[in-house]
Amino acid sequence: MRTESFQQVPSARSGAAVAVAAVDLVKVYGVGETAVRALDGVTVSFARARFTAIMGPSGSGKSTLMHCLAGLDQATSGQALLGGTDLTVLPDRVLTRVRRERVGFVFQSFNLLPQLTARQNITLPLDLAGRRPDPARFDDLVTALGLGDRLGHRPSELSGGQQQRVALARALVAEPDVVFADEPTGALDSRTGAEVLELLRGSVRQFGQTVVMVTHDPGAAAYADRVVVLADGRIAGEIDSPDPRSVTEALRRLAVPA
């Protein structure tokens, strides 16, 4: 198995430890004249215990980058590094275990199992791994996410915001190396979406979680510590300590529509 020290990968912040990184990452869909180069030699890193947003127009490669870094898609070449492990060289069986044990996911559509209660949905990744949740960790998450009186409810009995809170608890309960959030507020109204973004930011502050979020919304990106902008499969720019105005202005300067 090939591994590489993160010290050789450009860091998101000077002196900061890196949780996940891409090195010369290329992803090509199709062959010949119809081939699409979704990622074109991307090298970028994401600091541990930080909240980073990835932005870019449709077709920029932002979702492809996240999927390759999360081990959900296989890169054509280059490396996707998680905690020093190169996901691009792992056999499927090992990659499945790595995703289950070291990566958390929050999706736009929640992806909760309708027949399970909120508690059962939260603990599902641990159940599949044959592990029991740490009681203190579970109680802290439930309290922080305001789910204490909803654990016995099924998804159909929960609001959209409550379902996304359950999905976030499920992503955090196993203490993953990184949580990937794919347009996590896309199915929510603005008020509920803001609550979910505050919870994502709170998971970084309270639990030291690493969060990487794909979004098209400058307002959502402003909750992050850092924004990485993609265009045409390449890194087009970065914004530290973003706010909605700086994100929108940076996108305008880069001629990348929000």
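Where does region 52-190 land on Rg/Rh, using Cα atoms and the Kirkwood Rh? Kindly include the intermediate steps, with their values, before the conclusion.
Details: Rg = 15.8 Å, Rh = 16.0 Å.
Computed over Cα atoms, the ratio is 0.98.
Please figure out what share of the DSSP beta bridges in the chain is antiparallel and state it in percent, rounded to the nearest 5.
Given both bridge residues lie in the chain, the antiparallel proportion sits at roughly 60 percent.
Got a sec? How would Phe207, Phe105 order by Cβ neighbour count within 10 Å, fewest to most?
Phe207, Phe105
Per 0.36 nm of contour for each residue apart, how much would the distance between Ser241 and Leu151 grow if the chain were fully extended, relative to their Cα-Cα spacing?
28.9 nm
With unit charges on the beta carbon (Lys/Arg positive, Asp/Glu negative), name the residue among Leu251, Gln164, Val44 whose Cα is farthest towards the positive pole of the charge dipole of the chain.
Gln164
For region 145-200, rounded, prolate or oblate, judged on the Cα gyration tensor with a ≥ b ≥ c (square roots of eigenvalues), a/c < 1.5 rounded, else prolate if a/b > b/c?
On the way: a/c = 1.83, a/b = 1.08, b/c = 1.70.
Oblate, since a/c reaches 1.5 and b/c is not below a/b.
Cα gyration tensor of region 113-258, axes a ≥ b ≥ c as square roots of the eigenvalues: rounded (a/c below 1.5), prolate (a/b > b/c) or oblate? Walk me through the numbers before you get to the answer.
Details: a/c = 2.35, a/b = 1.96, b/c = 1.20.
Since a/c reaches 1.5 and a/b is larger than b/c, the shape of region 113-258 is classed as prolate.
At a 10 angstrom cut-off on C-beta neighbours, averaged per residue, how do the peptides 188-195, 36-43, 130-137, 227-234 rank from highest to lowest?
227-234, 36-43, 188-195, 130-137
As a test of the formula, what do you get for the chain when each DSSP H run with n ≥ 4 contributes -39,500 (n - 2.57) and the sum is divided by the residue count, at 222 nm and rounded to the nearest 500 deg cm²/dmol?
Result for the chain: -10000 deg cm²/dmol, rounded to the nearest 500.
In the neighborhood of Val228, defined by Cβ-to-Cβ distances under 9 Å, what is the net charge if each Lys or Arg adds +1 and each Asp or Glu adds -1?
Spelling it out: positives minus negatives among the neighbours equals +1.
What is the magnitude of the charge dipole of region 151-202 about its Cα centre, with +1 placed on the Cβ of each Lys and Arg, -1 on the Cβ of each Asp and Glu, and no other charges, expressed in debye to the nearest 20?
160
Stokes-Einstein diffusion coefficient for the chain at 10 °C in a medium of 1.306 mPa s, Rh from the Kirkwood formula over Cα pairs: what value in µm²/s?
D = 85 µm²/s.
Each value in this text was obtained by applying a stated rule to the coordinates, not by laboratory testing. Since the structure is predicted, the reported quantities are computational estimates derived from the model, not experimental observations. With ideal geometry, Cβ positions are generated from the backbone for all residues, glycine too; neighbour counts draw on all protein chains shown.
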